[in-house]
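The values are calculated or read from the model by the stated rules, or taken from the named source; none is laboratory data. Fair warning: this is a prediction, and the values are worked out from it, not measured in the lab. These area figures cover heavy atoms from the full protein model, side chains too; ligands, DNA and RNA do not enter into them. Shrake-Rupley method; radii C 1.70, N 1.55, O 1.52, S 1.80 Å.
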Amino acid sequence: QVHLVESGGGSVQHGGSLRLSCAASGSILRFRPMGWYRQAPGKQRELVASFTRGGRTTYATSVEGRFTISRDNVADTVSLQMNSLKPEDTAVYYCNAPNPPYFDWGQGTHVTVSS
């Protein structure tokens, strides 16, 4: 069973930056397209950034130009660099595959952006 572990969240002010990281038990992330999701209070979980099978990156309109997804196949991690953060980016962020089959969801990492 694969366990996903997200880290790097925190509290920042509007315009600040954070870098999230995702790791998994076992070297498996390098073999799957991966993505970052977020779930804000009272809202559904949404995919905000991901890799396609061809290795390209895709972004939700709300984060395009501000967020950058990357991966390190040696360390077997996937990261999300978040710049120019806005209060509406406040959410719990999770990593997982962008398409089924999904891994079991991790605990996520909390991001709070204050105005």
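What is the extension gain from residue 99 to residue 31, computed as 0.36 nm multiplied by their sequence separation minus the C-alpha to C-alpha distance, in nm to one decimal? Mind showing how you got there, number by number?
Values: separation 68, 0.36 × 68 = 24.48 nm, distance 1.35 nm.
Value of the extension gain: 23.1 nm.
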task = Give the accessible surface of region 56-105 per residue, rounded to a whole number of Å², with probe radius 1.4 Å and ligands, DNA and RNA excluded.
result = 50
remark   = Counting only residues 5 or more apart in sequence or on a different chain, those whose built amide H sits under 5 Å from that of residue 108 are 6
query = Which ³J(HN,Hα) values in Hz, rounded to whole numbers, follow from the phi angles of region 47-63 under the Karplus curve 6.51 cos²θ - 1.76 cosθ + 1.60, where θ = phi - 60° and Gly and Pro get x?
reply = 7, 10, 7, 7, 9, 8, 4, x, x, 7, 10, 10, 9, 5, 4, 5, 10
